[in-house]
1. Along Cα→Cβ, 7 Å out, is where each label goes; now give me the distance between the ones at His55 and Ala96 in nm to one decimal.
2. Enumerate the amide H contacts of Ala186 below 5 Å, restricted to partners 5 or more residues apart or on another chain; note that Pro and chain-start residues carry no placed amide H.
3. Would you give the gap between the C-alpha center of the stretch 57-80 and the C-alpha center of the stretch 112-169, rounded to a whole Å?
4. Per the Kirkwood formula on distinct C-alpha pairs, the Rh of the stretch 108-194 is how many angstrom?
5. How much of the accessible area of the stretch 99-194, in percent, comes from carbon and sulfur atoms when a 1.4 Å probe is used?
6. Between Leu164 and Thr141, with labels modelled 7 Å along Cα→Cβ, what's the label distance in nm to one decimal, could you check?
7. So, in nm, how far is label Glu131 from label Asn88 when the simple model puts each one 7 Å beyond its Cα toward the Cβ?
8. For the stretch 103-159, would you read off the P(r) tail past 13 Å as a percentage of all alpha carbon pairs?
Amino acid sequence: MTQPNSTVQKITPTENPETALAKTEWGHAKPWLNLDSGAADGDAMLCNDIESIAHRLVQVFNQSPFTHYCGMHFSYENGQTQAKFLANPNLIGNTAFNILHGGVSATILDSLGGLAAMLEIYRANQGTFAEQTKKVQRLATVDLRIDYLAPGRGNAFIATAEVLKLGRKGCTVRMLLVNDDGNPIAHGMGRYAF
């Protein structure tokens, strides 16, 4: 049996998906997040350092082939998670009016909501670090509501998330997507179970 490829293959929007899938080794289980063993560059991370945890979670999200394909970039700045992406012809849903596809809006809001929920699990610091990591690894979207507030026009888009409640079995998050002029494009509410 061959070992899974340890590097993430980048898939570009112009690349044939079948070719891109052939370059990866799907189906092999490997830990997607191993905070206590250090970052990819070997630097030691402290389990109780929320800044380090946040930056590592962001790094994991940014390594996703789908994230690369959509041109999304997740970040953690001033205690806040956010995601950004530039307008891209591959993300247009209404070609007559050059409007962002609603599914792209939903995708970035859902992804950022999940990232915010993961970080909140660590921030709450309930249980051992291993128990927290197990919750993060099990986290899944169980309810997502998106309200489209305006057509998705703009040169760039920015999404932010705010955790409303962390419970014993899940987390509720509110998300907002705005364009580069600051105009709201979509608002989301997500429930993430662990």
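1. 4.9
2. The answer is Leu149, Leu177.
3. First find each Cα centre; the distance between them is then 13 Å.
4. Values: mean 1/r = 0.0748 Å⁻¹.
It is 13.4 Å.
5. Working: 2230 of 4500 Å².
The value for the stretch 99-194 is 49 percent carbon and sulfur by accessible area.
6. Computed distance between label sites Leu164 and Thr141 equals 1.6 nm.
7. Each label point lies 7 Å from its Cα, and together they span 4.0 nm.
8. Working: 1053 of 1596 pairs.
Counting every Cα pair in the stretch 103-159, those more than 13 Å apart make up 66 percent.
The values are calculated or read from the model by the stated rules, or taken from the named source; none is laboratory data. This one's a predicted model, so the numbers in the text were calculated from it and none came from an experiment. Cβ coordinates were reconstructed from backbone atoms using ideal geometry, including for glycine residues, and neighbour counts include every protein chain displayed. Please note that ligands, DNA and RNA were not included when accessible areas were found on the heavy atoms of the full protein model with its side chains. Shrake-Rupley method; radii C 1.70, N 1.55, O 1.52, S 1.80 Å.
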